[in-house]
């Protein structure tokens with residue numbers, strides 16, 4: 001048996017642990033092979049040239065040439081990647097809903113000659129749509145990303161359609177709000193000329209703002225439902241009604257705070273309609289998720305707590321709205337409660353959807369139920385339904 005200078009190489013040791021060598025077994029192995037151990041020069045002994053590769057023999061535990069493979073299971077890991085959203089998106093959904101319904105309110109006030117409600121709702125709509133845009137751009141990180149979404153119109157993308165809805169609504173709202181601001185200024189010089197321009201385009205702008213108001217209040221629900229997050233996707237039939245009802249009670253509540261009680265009758269009725277619509281739609285949504293076995297995110301945890309509080313505030317604000325025609329204090333308190341209920345509803349829905357994506361149980365459960373329904377319908381000849 002020959003040796004070489006490489007036989008004396010000893011890799012760096014890891015740790016101070018020692019392991020005994022079974023010398024008797026080693027001698028027996030050499031005797032069986034008919035070989036003799038020749039001790040090489042250096043600190044290492046015969047038979048240890050292979051020990052640092054195989055960890056056989058050696059007085060000390062040497063570092064292996066290849067680290068031990070460590071296998072970890074993917075079970076328990078998310079199947080669907082949760083969206084990296086925070087409360088900026090919840091704020092975007094909330095103020096966007098107020099802006100959308102306020103656009104409808106201002107048109108109704110203009111048609112009925114309620115100038116105070118018209119002015120307040122237009123100013124509210126412009127402020128809300130501005131805050132909505134700020135929240136959206138802040139979530140995107142860079143303003144140019146919003147502009148990049150406007151390079152094309154993709155009807156199959158709720159985000160692309162929603163960007164154009166928001167932009168068109170903001171354009172009409174800017175004209176109607178500008179008209180209200182000009183009326184507050186002394187009518188002299190250039191102000192008079194601008195008033196003539198806004199009066200000329202006032203009616204088309206009022207109608208346009210109202211026309212884009214309803215889509216602005218509802219499209220965000222479609223945006224959530226178009227994802228693969230189990231709670232959002234499986235709520236696609238009820239979520240638009242939840243969002244529209246929530247936007248109606250929020251917009252009505254804000255105007256109850258801003259508008260004198262004697263002139264706020266229409267928005268009180270709108271708020272009551274929104275309370276009923278949201279509570280009914282939310283009940284249907286929770287019952288549907290319960291039937292699918294994925295209702296835990298909307299009933300427990302932080303999201304469930306927010307939704308329960310939102311329900312309590314909506315009911316309390318609705319009861320107060322019934323009495324708000326007699327007391328300004330009750331009107332302000334009820335309106336604030338309704339606006340808070342709407343904000344909590346949006347936050348709870350967003351958080352529940354994200355939590356449902358983090359836990360693979362909800363994704364797998366829905367997929368299995370869908371396969372069972374397809375098998376029950378006799379669909380077994382495609383690549384989606386596997387044969388048992």
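Any read-out appearing in this document is the output of simple, stated calculations on the displayed coordinates, not a laboratory observation. The structure displayed is predicted, hence computed values, not measured ones. Cβ: placed from backbone, ideal geometry, glycine included. Neighbour counts: every protein chain shown.
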How many nm separate the modelled label positions at residue 168 and residue 81, each set 7 Å beyond the Cα in the direction of the Cβ?
3.2 nm
Assuming R0 = 56 Å, what is the FRET efficiency of residue 201 and residue 371, from their Cβ-Cβ distance, to the nearest 0.05?
0.50
Got a sec? How would 93, 279, 292 order by Cβ neighbour count within 10 Å, fewest to most?
292, 279, 93
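Full extension from residue 226 to residue 144: what is 0.36 nm times the residue separation minus their Cα-Cα distance, to one decimal in nm? Display every interim value, and only then the final one.
On the way: separation 82, 0.36 × 82 = 29.52 nm, distance 2.41 nm.
Full extension from residue 226 to residue 144 adds 27.1 nm.
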Using only Cα atoms, locate the centre of the stretch 277-334 and the centre of the stretch 176-222, then give the distance between them in Å, rounded to an integer.
33 Å
When the chain is fully extended, how far beyond the present Cα-Cα distance does residue 287 get from residue 262, taking 0.36 nm per residue of separation?
5.1 nm
Run the Debye formula on the Cα coordinates of the stretch 227-358, all scatterers equal and no solvent, and tell me log10 I(q)/I(0) at q = 0.10 1/Å.
-0.32
Under a plain spin-label model, where a point goes 7 Å from the Cα along Cα-to-Cβ, how far apart in nm are residue 88 and residue 188?
4.5 nm
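Ranked from highest to lowest mean number of other Cβ atoms within 10 Å per residue, what is the order of the peptides 340-351, 108-119, 230-241?
Details: 340-351: 25.3, 108-119: 17.4, 230-241: 21.7.
Highest mean packing first, the order is 340-351, 230-241, 108-119.
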Send over the per residue convex hull volume for the stretch 86-225, Cα only, as a whole number of Å³.
117 Å³
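Would you kindly state how much longer the chain becomes between residue 181 and residue 309 on full extension, computed as 0.36 nm times their sequence separation minus their alpha carbon distance, in nm to one decimal? List each step's numbers first, then the result.
Numbers: separation 128, 0.36 × 128 = 46.08 nm, distance 3.74 nm.
Stretched out fully, the residue 181 to residue 309 stretch lengthens by 42.3 nm.
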